[in-house]
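Asks: The structure's right below; bear with me while I get my questions together.
The values are calculated or read from the model by the stated rules, or taken from the named source; none is laboratory data. Please read these numbers as outputs of a predicted model, since none were measured by experiment. A quick note on method: Cβ atoms are made from the backbone with ideal geometry, for glycine too, and the neighbour counts reach across all protein chains shown. To get the accessible areas, we keep the full protein, side chains included, count just its heavy atoms, and leave off ligands, DNA and RNA. Shrake-Rupley method; radii C 1.70, N 1.55, O 1.52, S 1.80 Å.
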Amino acid sequence: MEKLSTLGLHDAELVGLAIDRAGACVTLHFKLENGMLRQASIQGLRAFRGADLTVQNIVSRVLRASQDEISREDQNRWLTWVTSLSDTSSRLSNQCRSEWIDAFAAGTLEMVVFEPSAGAEIAAVCDRFDVS
């Protein structure tokens, strides 16, 4: 699996987002600085959250737990964030949290985090993550 840092999503603009609750997937559409389009597919969705979506949403970096790009401490922090809302606590049990973190390390489950330069901050826990 290729690391995202080599896929060129830095400074890409999020220009579209489609959520399929029944299919448990999310598709993100990005426009690169050179005008080319890329699509990120998040499948087997376990948790998803986005915040601060604005008219312009620019990616600073994309991190993946399965690629050891998110420390265990940060995995805990992101798991709390992705499984809660601004006015509720996390819905994740301690047992499930431990199982998910173990699955990230084993590469059988993915956590992906889109950190913004501007606009949307997005995190997801899923079975599969692809960029094309």
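Asks: Measuring from label point to label point, each 7 Å out along Cα→Cβ, what is the residue 41 to residue 85 span in nm?
Replies: The answer from the label model is 3.1 nm.
Asks: Over the chain, what percent of the accessible surface lies on carbon and sulfur atoms, probe 1.4 Å?
Replies: The computed percentage sits at 47.
Asks: Right, another one. By accessible area of protein heavy atoms, probe 1.4 Å, what ranking do 64, 46 get, highest first?
Replies: The residues order as 46, 64, largest area first.
Asks: Given the alpha-carbon gyration tensor of the range 38-111, what are the semi-axes of its equivalent ellipsoid in whole angstrom, ordered largest first, with each equal to the square root of 5 times an eigenvalue? Mind showing how you got there, number by number?
Replies: Working: eigenvalues 87, 59, 26 Å².
Taking √(5λ) for each eigenvalue gives 21, 17, 11 Å, largest first.
Asks: Once you treat every alpha carbon in the range 82-121 as an equal point and sum by Debye, what is log10 I(q)/I(0) at q = 0.17, 0.23 Å⁻¹?
Replies: At q = 0.17, 0.23 Å⁻¹ the computed log10 ratios are -0.63, -0.89.
Asks: ³J(HN,Hα) across the range 119-132 via Karplus (A = 6.51, B = -1.76, C = 1.60, θ = phi - 60°), whole Hz, x for Gly/Pro?
Replies: Computed from phi, the couplings for the range 119-132 are x, 5, 10, 9, 9, 8, 10, 8, 7, 8, 9, 9, 10, 10 Hz.
Asks: Now, a different point. Using the Cα centre as the reference, give the magnitude of the dipole from point charges on the C-beta atoms of the range 10-95 (Lys, Arg: +1; Asp, Glu: -1; all else neutral), rounded to the nearest 20 debye.
Replies: On the way: 10 positive and 10 negative charges, 60 e Å.
For this selection, approximately 300 debye.
Asks: On a 0 to 90 degree scale, rounded to 10, what angle separates helix 94-106 from the longest Cα axis of the chain?
Replies: 50
Asks: For the chain, build the charge dipole from Cβ charges (+1 Lys, Arg; -1 Asp, Glu) around the Cα centre, then report which of 17, 37, 119 sits farthest towards its positive end.
Replies: Of the candidates, 17 comes out farthest on the positive side.
Asks: Measuring from label point to label point, each 7 Å out along Cα→Cβ, what is the residue 77 to residue 128 span in nm?
Replies: 3.2
Asks: Given a 1.4 Å probe, how much area per residue of the chain is accessible, in Å²?
Replies: In whole numbers, the chain has 55 Å² accessible per residue.
Asks: While we're looking at this one, here's another question. Do you know the relative contact order of the chain, to the nearest whole percent, from alpha carbon pairs under 8 angstrom that are 6+ apart?
Replies: Relative contact order, the chain: 30 percent.
Asks: Determine the sum of side-chain charges near residue 113: Lys and Arg each +1, Asp and Glu each -1, restricted to other residues whose C-beta is under 9 angstrom from that of residue 113.
Replies: Once all neighbours under 9 Å are counted, the net charge is -2.
Asks: Continuing with this model, one more query. Under Stokes-Einstein, with the Kirkwood radius over Cα pairs standing in for Rh, what whole-number D in µm²/s applies to the range 1-77 at 37 °C and 0.692 mPa s?
Replies: It comes out at roughly 237 µm²/s.
Asks: Given a 10 angstrom Cα cut-off, can you work out which residue in 106, 47, 118 is the most mobile in a GNM of the chain?
Replies: Maximum among the listed residues: 106.
Asks: How far is helix 72-82 tilted off the main Cα axis of the chain, in degrees rounded to 10, range 0 to 90?
Replies: It is inclined by approximately 80 degrees.
Asks: Would you mind counting up the charge near residue 51? Only other residues with Cβ under 12 Å from its Cβ, with Lys and Arg at +1 and Asp and Glu at -1.
Replies: After counting each charged neighbour, the total is -2.
Asks: Right, next: Roughly what would the spin-label model give for residue 68 and residue 102, points 7 Å off Cα along C-beta, in nm?
Replies: 2.1
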